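A quick write-up on the structure given underneath.
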Amino acid sequence: MKFTLIATLVVLALAQGSFAQDMADLERLGQYFEEMKTKMTMELTEMIRTQDLAQQAQTFMEDKKTQLEPLAAQIQEQLKSVSTTVEEQIKPLAASVQAQIAPMVEDFQKQMEAILVRLTEQTKAIGN
């Protein structure tokens, strides 16, 4: 009977140690799951914040585009009026320059024609 009692105590002691080991494993497993939960919560929060930031940036860009479109149209109108004014000022200047250059070009053309006629006459004289 003593042997049975001792064997029972040994089995209970081993079982108690085994349960203690299982409890430590369960605690580590619980801690692991808790860490995973915390990490997933942080990552999900960061993803939501990032998406929210992207949405805010998109909204900001659309708002600024809406605000700048009238300004761009206004600048375009001003550029058209400036180009019209510059064109009106340059046309008379261009006509004046053309009027001054035209006689010079005609004179140059007459001189070139005269040189060409002389060369042709000299070439004919040499050829005879």
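What follows draws every value from the coordinates through simple rules; no lab data is involved. The structure displayed is predicted, hence computed values, not measured ones. Note: ideal-geometry Cβ built from the backbone for every residue, glycine included; neighbour counts use all protein chains shown.
Measuring from the lowest to the highest alpha carbon on each principal axis, how far does region 31-128 reach, largest first, in angstroms?
In descending order, the Cα extents are 118, 42, 11 Å.
Please list 3J(HN,Hα) in residue order for region 74-79, calculated via the Karplus relation 6.51 cos²θ - 1.76 cosθ + 1.60 where θ = phi - 60°; whole Hz, with x for glycine and proline.
Per-residue couplings from phi come out as 5, 5, 4, 4, 5, 5 Hz.
I need the phi-derived Karplus couplings for region 100-115: 6.51 cos²θ - 1.76 cosθ + 1.60, θ = phi - 60°, integer Hz, Gly and Pro marked x.
So the Karplus estimates, Gly and Pro as x, are 6, 7, 3, x, 5, 5, 4, 4, 4, 5, 5, 5, 5, 5, 4, 4 Hz.
Read phi for every residue in region 47-63 and hand back ³J(HN,Hα) as whole Hz from Karplus 6.51 cos²θ - 1.76 cosθ + 1.60, θ = phi - 60°, with x for Gly and Pro.
Ordered by residue, 3J(HN,Hα) equals 4, 5, 5, 5, 5, 5, 5, 4, 5, 5, 5, 4, 4, 4, 4, 5, 4 Hz.
Around Ser83, with a cut-off of 14 angstrom between Cβ atoms, what is the net charge of the other residues, counting Lys and Arg +1 and Asp and Glu -1?
On the way: positive: Lys80, Lys91; negative: Glu77, Glu87, Glu88.
For residues surrounding Ser83, the net value is -1.
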